[in-house]
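Before any comments, here is the structure.
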């Protein structure tokens with residue numbers, strides 16, 4: 001198939017590299033900065049630098065630009081796409097994009113399938129892209145009314161690219177789960193390192209500090225947008241966390257060892273039940 | 001030197017294995033269960049199974065039993081120890097042990113140096129012990145009035161055993177820092193997995209979930225004791241965290257993107273300032 005990737009940042013660039021390394025599909029790349037597109041061509045990450053006019057050759061278009069840019073781009077250039085082609089994206093939040101793209105695509109005779117590859121980096125440019133970024137990760141698909149055939153196509157490609165699993169869901173369920181699995185840990189890491197103890201941690205810390213603080217090295221502009229565009233689910237999860245932390249704090253404050261032990265045991269049983277009770281260093 | 005290790009659990013056992021693997025010191029082990037001591041001898045982790053009477057041969061005694069047991073043991077058996085020998089421990093909380101042991105040791109003509117090797121596992125028995133457990137970790141020393149010579153001795157041995165650094169501090173500073181670096185992440189992991197979303201995370205999660213939830217696989221009996229014996233510093237840190245989380249939640253709730261971006265930027269600058277801004281997967 002002919003694949004077009006619009007936006008060669010860390011995700012678009014990694015998709016391109018995975019396509020050319022692991023599949024037989026033909027890949028063209030369209031990027032605002034021509035230098036980056038040239039670099040991608042030189043690296044063998046893409047077979048061809050695409051113009052908007054070339055989009056008529058693509059069977060699937062992967063939109064890998066900033067979220068707010070996607071609807072605008074497809075709205076303005078949809079007539080240039082091949083009729084019946086699949087348009088997909090890589091946005092981390094789905095309710096908003098799925099409220100617009102299916103309708104815009106339909107109007108232009110295209111089919112939208114929402115995607116969220118569950119891998120990323122704390123760098124966002126093409127330089128940081130790598131063919132192996134997705135190895136073993138989950139590829140979430142949000143069909144938004146797309147045909148089973150198109151969903152299957154996107155699913156099969158994900159497995160070709162090296163993803164470990166696919167997962168089909170609704171925009172609402174996606175955003176609720178992502179609030180828990182990804183957004184809360186980022187808010188948490190940033191809240192944690194604001195303690196006055198943090199700058200003095202060397203010598204006193206080990207794996208626990210390292211793991212909780214890791215993603216505090218955040219791109220504050222991107223994540224401010226991501227947090228605000230998933231406001232309700234994120235606030236719900238933050239309130240659950242703050243409430244659970246407060247329960248534990250109160251049990252400690254009241255020397256209520258029975259209550260504290262019960263809470264910790266409940267946590268252990270959940271974690272063990274998920275088969276994640278592996279040995280690891282503190 | 002002659003080394004005695006009292007208590008061959010995961011820490012005592014790992015110390016024994018590191019001593020026999022990496023140093024020329026002679027190691028004897030004293031353990032409540034004789035089977036474990038025999039296993040350690042068979043493994044070559046110790047050179048000899050010790051009786052209490054053998055303690056008179058030890059130049060340094062590493063007390064690796066449960067915290068509340070240590071004072072009792074030294075109180076009852078201090079007369080059997082060699083006069084002038086160094087007694088040290090591996091407790092994760094120091095204010096309490098340092099309020100008793102220096103005085104008990106002095107009364108018996110021994111010298112106490114508090115220790116906290118910053119490594120551990122989510123398993124607590126000899127079976128999980130390994131010579132490499134301490135590689136590159138920090139070894140915290142709490143002198144509690146011990147002579148410089150004894151502190152130097154303990155410090156040098158730590159480096160022989162494979163620790164990456166040593167750090168000398170007071171019991172109060174130790175407990176304040178440990179509340180932040182180790183105890184808060186454990187309370188946090190347990191609070192996090194109590195979200196109703198947790199059991200459904202598979203397919204929606206990646207590194208962020210894995211890292212925050214890792215230590216939820218907790219020994220609730222041990223950690224209830226550790227939390228309650230460090231109540232004040234831990235509650236102070238939990239309140240700081242809850243407060244920071246609430247600030248971020250409120251900025252999100254009020255759509256205050258400027259405020260949110262500022263908070264996240266402050267976090268990033270702290271993390272970057274610590275030289276920990278490495279690339280890693282989300």
(message) Let me spell it out: the conditions are (1) in contact (Cβ under 8 Å) with a residue 40 or more places away in the chain; (2) over 21 Å from residue B:69 (Cα atoms); (3) crowded, with 24+ Cβ neighbours inside 10 Å, and residue B:113 meets all of them except one. Which number is the exception?
(response) (2)
(request) Residues being assigned to a loop (DSSP other than H, G, I, E, B) and within 21 Å of residue A:45 (Cα to Cα): count how many of those fall in segment A:98-121. (result) 4
(request) Scan segment A:228-257 for residues that are farther than 26 Å from residue B:232 by Cβ and without any contact (Cβ under 8 Å) to a residue 24 or more places away in the chain and jot them down. (result) A:228, A:231, A:232, A:235, A:239, A:240
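Out of segment B:139-172, which residues are more than 26 Å from residue B:25 (Cα to Cα) and in contact with a strand residue (DSSP E or B) (Cβ under 9 Å, 6 or more places away or on another chain)? Break it down into steps so the answer makes sense when it comes.
In the first step, residues of segment B:139-172 are kept if they are more than 26 Å from residue B:25 (Cα to Cα); the result is B:169-172.
Correct list: B:169, B:170, B:171.
What about residue A:187, is it in a helix (DSSP H, G or I), touching a helix residue (DSSP H, G or I) at 6+ places or on another chain (Cβ under 8 Å) and either more than 7 Å from chain B (Cβ to nearest Cβ) or under 30 Å from residue B:166 (Cβ atoms) (or both)?
Considered against the rule, which asks whether it is in a helix (DSSP H, G or I), touching a helix residue (DSSP H, G or I) at 6+ places or on another chain (Cβ under 8 Å) and either more than 7 Å from chain B (Cβ to nearest Cβ) or under 30 Å from residue B:166 (Cβ atoms) (or both), residue A:187 comes out as no.
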(request) Show the residue pairs that are 6+ apart or on different chains and have beta-carbon atoms under 9 Å apart, the first residue being within segment A:41-68 and at positive phi, the second being surrounded by fewer than 21 Cβ atoms within 10 Å (Cβ to Cβ). (result) A:44/A:20; A:44/A:21
(message) Among (1) at pLDDT below 95; (2) surrounded by fewer than 23 Cβ atoms within 10 Å (Cβ to Cβ); (3) in contact with a helix residue (DSSP H, G or I) (Cβ under 9 Å, 6 or more places away or on another chain), there is one condition residue A:92 misses while meeting the rest; what is its number?
(response) (2)
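Got at least one residue in segment A:216-226 being closer than 19 Å to residue B:179 by Cβ, surrounded by 20 or more Cβ atoms within 10 Å (Cβ to Cβ) and at pLDDT 95 or above?
Looking only at segment A:216-226, we keep the residues that are closer than 19 Å to residue B:179 by Cβ, and these are A:216.
With the extra rule that they be surrounded by 20 or more Cβ atoms within 10 Å (Cβ to Cβ), the set shrinks to A:216.
Then keep just the ones that are at pLDDT 95 or above; that gives none.
No, there is no match, as no residue in segment A:216-226 is closer than 19 Å to residue B:179 by Cβ, surrounded by 20 or more Cβ atoms within 10 Å (Cβ to Cβ) and at pLDDT 95 or above.
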(message) Being buried (at least 16 other Cβ atoms within 10 Å of the Cβ), free of Cβ contacts under 8 Å to residues at least 60 places away in the same chain and part of a helix (DSSP H, G or I): is that true of residue A:16 here?
(response) no
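Go through segment A:133-162 and give me each residue that's part of a loop (DSSP other than H, G, I, E, B) and touching a helix residue (DSSP H, G or I) at 6+ places or on another chain (Cβ under 8 Å).
If the condition is that a residue be part of a loop (DSSP other than H, G, I, E, B) and touching a helix residue (DSSP H, G or I) at 6+ places or on another chain (Cβ under 8 Å), then A:133, A:134, A:143, A:144, A:145, A:146, A:161, A:162 are the ones that fit.
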(message) When you check residue A:127 against the structure, is it touching a strand residue (DSSP E or B) at 6+ places or on another chain (Cβ under 6 Å), under 24 Å from residue A:65 (Cα atoms) and not in a strand (DSSP E or B), yes or no?
(response) no
(request) Tell me which of these residue A:68 doesn't satisfy, since it passes every other one: (1) exposed (fewer than 14 other Cβ atoms within 10 Å of the Cβ); (2) in a loop (DSSP other than H, G, I, E, B). (result) (2)
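Inside segment A:240-262, can you point out the residues that are farther than 20 Å from residue B:246 by Cβ and either loosely packed, with under 15 Cβ neighbours inside 10 Å or within 7 Å of chain B (Cβ to nearest Cβ) (or both)?
Across segment A:240-262, the qualifying residues are A:254, A:255, A:257, A:258, A:260, A:261, A:262.
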(message) Could you check segment B:191-229 and list, in sequence order, the residues that are in a loop (DSSP other than H, G, I, E, B), closer than 11 Å to residue A:276 by Cβ and at the interface with chain A (Cβ under 7 Å from one of its Cβ atoms)?
(response) B:201, B:205, B:217
(request) Give B:27, B:74 a once-over and let me know the one that is part of a strand (DSSP E or B) and either touching a strand residue (DSSP E or B) at 6+ places or on another chain (Cβ under 9 Å) or surrounded by fewer than 15 Cβ atoms within 10 Å (Cβ to Cβ) (or both). (result) B:27
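Those residues that are modelled with pLDDT under 95 and more than 10 Å from chain B (Cβ to nearest Cβ), I need them from segment A:101-125; list them, please.
Selection gives A:124, A:125.
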(request) Would you tally the residues in segment B:77-97 being within 19 Å of the chain's Cα centre (by Cα) and not in a helix (DSSP H, G or I)? (result) 8
(message) Quick check on this structure: which one of B:208, B:195, B:182 is over 17 Å from the mean Cα position of the chain (by Cα) and touching a residue at least 24 places away in the same chain (Cβ under 8 Å)?
(response) B:208
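The values are calculated or read from the model by the stated rules, or taken from the named source; none is laboratory data. These numbers come from a predicted model, not from an experiment. Reconstructed Cβ throughout: ideal geometry from the backbone, glycine too, with neighbour counts over all protein chains shown.
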